[in-house]
1. Considering only protein heavy atoms and a 1.4 Å probe, what is the carbon-and-sulfur percentage of the accessible area of the chain?
2. Label D271 and D146 with points 7 Å out from Cα along Cα→Cβ: what is the distance between them in nm?
3. Over the chain, with a Gaussian network built from C-alpha contacts below 10 Å, which listed residue (Q292, Q78, Q237) shows the highest mean-square fluctuation?
4. What are the ³J(HN,Hα) couplings of the stretch 165-172, residue after residue, when phi is run through the Karplus curve with 6.51, -1.76, 1.60 and θ = phi - 60°? Round to Hz, x for glycine and proline.
5. At 0.36 nm per residue, and after removing the present C-alpha to C-alpha distance, how many nm does the segment from E245 to R23 gain when stretched out fully?
6. Heavy atoms only, probe 1.4 angstrom, no DNA, RNA or ligands counted: give me T66, T265 ranked by accessible area, highest first.
7. Kindly express, to the nearest 10 degrees and within the range 0 to 90, the angle between helix 39-49's C-alpha long axis and the longest C-alpha principal axis of the chain.
8. Can you return the lysines within cross-link range of K230? Criterion is Cα-Cα under 19 Å, with same-chain partners fewer than 8 residues away left out.
Amino acid sequence: MKILVTGAAGFIGSMQSLRLLERGDEVIGIDNLNDYYDVELKQARLARLQAYPNFKFVKMDIADRTEMADFFRQELPQRVVHLAAQAGVRYSITNPHAYIDSNIVGFMNILEGCRHYHVEHLVYASSSSVYGANTKMPFSVHDNVDHPVSLYAASKKANELMAHTYSHLYNLPTTGLRFFTVYGPWGRPDMSPILFAKNITEGKPINVFNYGNHRRDFTYIDDIVTGVTKVLDKPAQPNLSWSSENPDPGTSTAPYRVYNIGNNTPVHLLDFIQALEEAIGKKAEKNLLPMQPGDVPDTYADVADLIAEFDYKPNTSINEGVNAFVEWYKGYYKS
């Protein structure tokens with residue numbers, strides 16, 4: 001199968017591409033290799049993919065309307081895994097325009113390419129951030145999510161709305177996946193696991209927001225990739241029992257679905273830090289700080305639909321995942 005993976009030099013995108021290559025798919029990866037974080041890490045991820053003869057890389061910005069239209073016309077991918085985005089809740093407060101360019105304009109170009117060139121299934125990354133001010137736990141795709149607390153979250157909610165419109169108008173099967181706190185080898189250096197590991201290793205204090213009272217549904221990268229692959233292989237179908245009088249946000253009369261992919265086991269941030277300390281073999285010095293704007297105190301994924309539709313549930317334990325992450329970290333950063 002010929003599959004386009006956007007954000008192929010990114011954390012999830014590179015690992016997803018690798019999984020598809022290993023099973024024999026033809027993968028075309030695109031990425032603009034921007035400098036939001038270390039470009040050398042992105043190049044190192046790409047180097048692993050370029051060892052496969054069934055991988056092709058195109059450096060491109062998804063926000064470029066003309067280039068994206070030309071790309072779809074020339075390559076004609078059968079299915080699309082759209083993972084390219086401007087990430088980060090806090091960065092969206094200081095640089096909001098980057099989120100409109102990449103997450104809104106870029107997603108529009110993906111939808112148009114899928115529409116005009118008859119893509120069989122578009123699977124795209126949403127985020128647990130869309131739950132925003134919701135406090136009902138666990139977070140369910142069948143609950144309303146109209147109160148985002150960051151522009152990043154708003155852009156991901158907008159993606160879901162845009163996808164539904166194209167599913168409805170053009171019968172394009174689309175599936176949105178709300179990822180919950182993804183971590184593991186080859187992760188982003190702006191995220192807490194690498195920030196914590198670096199400072200713990202170097203004997204520097206770590207910043208712990210909300211005084212360590214966060215709970216996060218930490219989800220190991222391999223579990224995410226397995227879930228994406230299972231969803232990709234089963235294009236979204238209409239929900240024939242959907243009711244306009246009692247509309248279900250997670251399904252539709254169109255071929256549109258949204259799923260949570262999370263470990264379904266919230267972990268206190270201080271317990272996550274303790275697992276890092278044990279894996280590294282060194283105690284952390286903690287700066288306990290208040291909660292940051294745009295952040296939420298807890299995340300907890302209801303994955304009942306993922307289990308029902310795909311017989312799948314992420315299950316990597318924190319200790320197992322953290323140990324694998326630290327082993328990679330020490331090897332990659334020579335620490």
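The values are calculated or read from the model by the stated rules, or taken from the named source; none is laboratory data. Remember, it's a predicted structure, so these values are computed and weren't measured experimentally. With ideal geometry, Cβ positions are generated from the backbone for all residues, glycine too; neighbour counts draw on all protein chains shown. For the accessible areas, the whole protein counts, side chains as well, though only heavy atoms, and no ligand, DNA or RNA atoms are used. Shrake-Rupley method; radii C 1.70, N 1.55, O 1.52, S 1.80 Å.
1. 51 percent
2. According to this spin-label approximation, the distance is 3.5 nm.
3. Per the Cα network of the chain with a 10 Å cutoff, Q292 tops the list.
4. 4, 6, 4, 6, 6, 10, 6, 8
5. 75.6 nm
6. Ranked from most to least accessible, the order is T66, T265.
7. With both axes taken from Cα atoms, the answer is about 60 degrees.
8. Excluding near neighbours in sequence, the set is K2, K313.
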